[in-house]
1. Give me the residue from the stretch B:383-398 that is closer than 20 Å to B:VAL345 by Cα and more than 11 Å from chain A (Cβ to nearest Cβ) and, out of that set, surrounded by the most Cβ atoms within 10 Å (Cβ to Cβ).
2. Quick one: which residue in A:GLU116, A:GLU94 is more than 13 Å from chain B (Cβ to nearest Cβ), acidic (Asp, Glu) and in contact with a helix residue (DSSP H, G or I) (Cβ under 8 Å, 6 or more places away or on another chain)?
3. Restricting to the stretch A:144-163, and then to whatever is over 17 Å from A:MET124 (Cα atoms) and modelled with pLDDT of 85 or more, can you tell me which residue is nearest to the other protein chains (Cβ to nearest Cβ)?
4. Tell me, which residue of the stretch B:57-105 that is of a type in the set (Val, Ile, Thr) and over 25 Å from B:ILE229 (Cβ atoms) is surrounded by the fewest Cβ atoms within 10 Å (Cβ to Cβ)?
5. Determine if the stretch B:178-198 includes at least one residue that is in contact with a Cys (Cβ under 7 Å, 6 or more places away or on another chain) and of a type in the set (A, V, I, L, M).
6. Evaluate the following for A:LEU370: is it aliphatic (A, V, I, L, M), more than 22 Å from B:PHE262 (Cα to Cα), over 27 Å from the mean Cα position of the chain (by Cα) and surrounded by fewer than 22 Cβ atoms within 10 Å (Cβ to Cβ)?
7. Just checking, which of A:ASP180, A:ASP186, A:ASP212 is free of Cβ contacts under 8 Å to residues at least 24 places away in the same chain and within 14 Å of chain B (Cβ to nearest Cβ)?
8. Hey, among A:ILE401, A:ILE411, which residue is within 27 Å of the chain's Cα centre (by Cα), more than 10 Å from every other protein chain (Cβ to nearest Cβ) and not in a helix (DSSP H, G or I)?
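The values are calculated or read from the model by the stated rules, or taken from the named source; none is laboratory data. Given the structure is predicted, the values throughout are model-derived calculations rather than measurements. Positions of Cβ are backbone-derived with ideal geometry, glycine not excepted, and every protein chain shown enters the neighbour counts.
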Protein chains: 2
Amino acid sequence: VEQQEDTYLINEFDGMHSADISSVMEGLNAEECKYILELLNPEVGANVISEIDEDTRKNFLELFTPQELAKYMDQTDSDDAADILNEFPVKSKEEVLASMNNHEKVQYIIDLLHYEEDCAGGLMAKELVKANINWNVKQCIDEVRRQGRDVDKLYTVYVVDDYNVLLGRISMKKLLMATDDIKVSDLYEPQIAKVYSYQDEEEVADIMQHYDLEVIPVINVQGRLIGRITIDDVVDVITEQAEKDQQAMSGLSEDVEETDSFWQMAKARLPWLIVGMSGGLLGANFLGGFEAELSRIPAMAFFIPLITATGGNVGIQSSTIVVQTLASGGFQGSVWNRYLRVFIVAILNGLTLASLVYGFNMVFSDNHELAIVVSVALFSVIMIASFMGTITPIILNKFGINPALASGPFITTCNDLIGLGVYFMVAKLMLH
Amino acid sequence: VEQQEDTYLINEFDGMHSADISSVMEGLNAEECKYILELLNPEVGANVISEIDEDTRKNFLELFTPQELAKYMDQTDSDDAADILNEFPVKSKEEVLASMNNHEKVQYIIDLLHYEEDCAGGLMAKELVKANINWNVKQCIDEVRRQGRDVDKLYTVYVVDDYNVLLGRISMKKLLMATDDIKVSDLYEPQIAKVYSYQDEEEVADIMQHYDLEVIPVINVQGRLIGRITIDDVVDVITEQAEKDQQAMSGLSEDVEETDSFWQMAKARLPWLIVGMSGGLLGANFLGGFEAELSRIPAMAFFIPLITATGGNVGIQSSTIVVQTLASGGFQGSVWNRYLRVFIVAILNGLTLASLVYGFNMVFSDNHELAIVVSVALFSVIMIASFMGTITPIILNKFGINPALASGPFITTCNDLIGLGVYFMVAKLMLH
């Protein structure tokens, strides 16, 4: 495809959505990306740049001069432009900003560069349409026509007072259905959801999900309207959070992608593997203390994997249920009621599994004493793992740590050790 | 709060968002919910009913007569109404529909009840505004005024031909900015994303996320416009999918909630626990074949937890990376290249961990032979678990099974068994 067949490619890309063009480009190398981008008109090119995968973007944007980049940034929404420029070293960032023609946008971007990426201020775009509370509908529609050209997704007109303090909103539908001489103050909805610029992006996602909003205004501490966040950015936040939870559950310590270097990939996996391994070595040391018992009854060793695996599985199940309850807005009802429920479910599961194992051992083994020991240990391990799995995410959440870590390797390792401990303690008590 | 203080409560709820009222109601019993709902005006009440948690809803809606419910359903969006009525037995469903006054809505709901809940048809709402391609802007705006009262979130006007075949769309912004005599055919965007009614809800979510859409039209096989899906319903799909993945990873077999009965909760956990336990018993049987070796060198048992835990951790890490790559749109580049990368990362991790363990054993133990056996086994287990963790989700995905299951208990159990096998095979080969 890359034989520089300009006209063919231009025809091909014409009418293609920028999101599809960027998908195509993610499979190509940096020079090819640059070549394609130059075939597109700057507006489409700007969309492609904001939609493309971060790693691909980094690679090919380096090939452009600041002047060329400025041409695209002039056409990009302020929130995307700020995110893209944030990936650059300070010097090129300044050069790009200095070369841009759209001075209003430059001001927007500079404002946005102040905010942390993971707060409402870092998610918001500056482009919005606002109307003064004292206007009538005609003035308001004229303003939409004037400001609206810049605003990509226009759902709503925000109503502010003379000091830019946010008072409410008017939906496009209401505006279209109203006659020209109605006053804004008679038409607007005064009670609307809003977020402060310093609020965490996950809080923003929760609020927008709770109220089913497609856009939310952002205000500063003085209540002044400074931007808006659209749902598509929030969908990305939600997806990212789900990925982070999965990574926490599986013991990946950084955001890894298939395209990272070998060493990065290995490094992301090693920390939790080493934690797990240290647990295994501790376990080995602990078992070392039972060498005499093990050489007398080697069959005791047979059930080690059974005990540790069941403890791990029970712990992960319990913690995942708690994590999901926390994520969907926390608990209703009393805490003690909860613990009682967990306790009863653990007893049900513990009794079921312990009797299954006991039955199995009665049939296939002739060591009745050991069969009892294994079942008692299994029951105890299930009880303890349920309890640990339930309280760990609650405690992590209290300390502001991602509770999904509680379904991860650290807890599995702890459960392994506890399981071993319980098993051999029970054995020691019952076999002597 | 529930001393029936009508006026106090009416004041309190007045101006509260329906999503907040439903949050309050989720903490109350069925009678209290009914009582509150009757204090609200029917429109707010209808919103509350669609936003409230499914379990709470089921409980208190049973207290209403079909006639009372019909009053609320008249005010509810067709997609929510269909979902709610789907929770009812057939007889009450019919009774409610028969008692409704809004006959257009009844028709909508009956249409929607035909679709499976998890396809585009089950997600869509029938309320939308459409304009004929032959109209001008004035006719179009009049139509928005007429149809628009029913449509809650109005972002766009769909353009259809005389046979209701979808041709394109006009954004509300364009409509507001255009003059009355422009023709629809000159204004509309012809190339727009759309979905067929039979497409899976996760496909819909992917498409809307890919193109950053807030609403997407739904067509039937003939290309006729039959509904629209808004982003807020898709956000719920995304959140649900993330929860399902987490549950698959942690071995919960049904959608469990804290509020379910004890037996339901136990039942959701038992299947995978039993799988894990059967694995443990198989492991015990396998180890039984090495009773002689174990009683000769009991220290061999010490490292069982280390080997199985590391194999499990490595497998889960590998599969989670693949699952996330699959979820974010699949792989770029060649398959062999991928396997080579996985292979190299596994070697890096394997060498690191094996040498750490070897170093540890050289310092703390005097059995050099066993130290070598453990390290060789650990290295082999890491290689195999990486490979298994990488291919399992790909295979599951090919067969249309949720690939997140590959990070779940079944695979952990397999890895445990493979780990044990490798460990004792290596031991047998090297210690004789």
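1. Top of the filtered list is B:PRO393.
2. Working: A:GLU94 fails: in contact with a helix residue (DSSP H, G or I) (Cβ under 8 Å, 6 or more places away or on another chain).
Just a single option satisfies the conditions, and that option is A:GLU116.
3. The qualifying residue nearest to the other protein chains (Cβ to nearest Cβ) is A:VAL159.
4. B:VAL90
5. Yes, some residue in the stretch B:178-198 is in contact with a Cys (Cβ under 7 Å, 6 or more places away or on another chain) and of a type in the set (A, V, I, L, M).
6. Working: aliphatic (A, V, I, L, M): yes; more than 22 Å from B:PHE262 (Cα to Cα): yes; over 27 Å from the mean Cα position of the chain (by Cα): yes; surrounded by fewer than 22 Cβ atoms within 10 Å (Cβ to Cβ): yes.
For A:LEU370, the condition - aliphatic (A, V, I, L, M), more than 22 Å from B:PHE262 (Cα to Cα), over 27 Å from the mean Cα position of the chain (by Cα) and surrounded by fewer than 22 Cβ atoms within 10 Å (Cβ to Cβ) - is met.
7. Only one candidate passes the filter, namely A:ASP212.
8. Values: A:ILE411 fails: not in a helix (DSSP H, G or I).
One residue alone meets the criteria, A:ILE401.
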